[in-house]
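First up is the structure itself, then whatever we jot down about it.
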Amino acid sequence: MGVSTNKLLSKLVGNVHKPNDQTTLLPPYTSDDGNDSVTSFIDDHDVGKIPGIGFKLAQKLRAHVLQRPANFDDGLVYGGTKEKVRVHDIRTFSGMGPETLEQILGGHGTPHGIGAKVWGLLNGCDDTEVGQARDVPTQISLEDSYVRLVTLDEVTRELLALSRSLLKRMHADLLEDDEDMHASANEGANVTATPEKRWLAFPKTVRLTTRPRPPQNPDGSRNRSFARISRSAPMPNFVFSLKESIDVLAERLVKEALLPLFRKLHPEKSGWNLSLVNVAATGMVDAASEKGGVGRDIGKMFKRQDDVLKQWRVTDTSGLERKNDDVESAMPVEQPPDEQLPPQLHQPERSGGSEDVPTPSQENNFSLADRWESEDEDMLDNDSYRCEECGGVMPIFAMGAHARWHAQN
């Protein structure tokens, strides 16, 4: 962990004693002897290690200082450079400044003012705002690199390993203990059980990314390519099941989602040579909860309905004693027993929520709804979820509450 005056320096100093110790870097930025200052600390870093300076920008900066393209190690998958060009070498190079950097780094597709921004980074200046940490990540991405990946069996094996890791990360980052369900299930019983889990968010999309190597040149050499290609699809609903093991879910994810995406990325059956494969869960949608969700938890609403609706419940008060005439005149009109009430005022016994007993209009529409769902089975959009137990269709953010309803009934 690193502590400093801005995000750039805190990231750099955090790598000094990573991962066990905390390191602090404080001003002054410069000192008379050139030691123990922010500038001397950042000057010793290779330009490619500076956050905010990517691979292509670092290539251009190295080429400008060396007056030729930098040499790369042929044995490295990611094309690491053999020649170290430090921040000090660039910052003190003749004529170097924001205007020169704008000429070197600017061009089509490059944001205006890139020279001034990079010059600030080379001098340890970063005005990027520190944002609020999210309760859940915006995406979960896992990847691995390979020296040679050329057969479908190899691809399937690697996709299965990445899928297992992805699902484990989803369970670690997107699940929390449902203490309310655990308490209600064990109410009145002296037992110790593992708390139920619920989803904090649901990724809507699964993305597959690969990086194929270019074909060999006539002389046997191969051009270096860092271009990636990607395809996405809706995240299958079965990955959110907490009843199946991760191994079973990973096999289904590979078979039903990732391999079809791979065939779209690489229509040819052979001839591709992959140096990287990435699997990601993206498009996070917060679940309804008390911790930053986009809606209220419907399960908790049902649990509280007895107290909330208590004042409107019809009850039999014939057995109550009245103290005096004044009190009798102030009390509400006595209601007759349930058997004497008109049919529309009878209150049926309910063990669940307020929707357990359908209204007449709902009963009339059940058959129509069934026909609608059967005719439009294939028209569910990506925001809908069909329960595997009861077949009900609902928004994806309601999946957690619906699963808890099944667990309680």
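Below, the figures for the structure above:
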read-out	value
Among 396-406, 205-215, the order from most to least packed when residues are scored by Cβ within 10 Å on average	396-406, 205-215
Rounded if a/c under 1.5, otherwise prolate or oblate - the range 140-286, Cα gyration tensor axes	prolate
Cβ-derived FRET efficiency at R0 35 Å, N409 paired with V147, nearest 0.05	0.05
Whether the range 71-177 is rounded, prolate or oblate, judged on the alpha carbon gyration tensor where a/c under 1.5 counts as rounded	oblate
Peptides 158-168, 55-65 ordered by average Cβ neighbours within 10 Å, highest first	158-168, 55-65
Computed magnitude of the charge dipole of the range 140-286 (debye, nearest 20; Cβ of K, R +1, Cβ of D, E -1)	1120
For L149, residues with placed amide H under 5 Å, excluding near neighbours	L274
Integer Hz, Karplus 6.51/-1.76/1.60 couplings in order for the range 268-285, x for Gly and Pro	5, 7, 7, x, 8, 10, 9, 9, 7, 9, 10, 10, 9, 10, 10, x, 5, 10
Protection proxy ranking, peptides 142-153, 240-251, 39-50, average beta carbon neighbours within 10 Å, highest first	39-50, 240-251, 142-153
Full-stretch length increase - D135, V393 - with 0.36 nm per residue and alpha-carbon distance subtracted	90.2 nm
Which listed pairs, of K11/K117; K49/K168; K197/K255; K18/K84; K243/K264; K197/K264, have C-alpha distances above 24 Å, in listed order	K49/K168; K197/K255; K243/K264; K197/K264
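Since every read-out is calculated from the coordinates, none of them should be taken as a lab result. All of these numbers come straight from a predicted model, not from anything done at the bench. Every residue, glycine among them, receives a Cβ derived from its backbone with ideal geometry; neighbour counts consider all protein chains shown.
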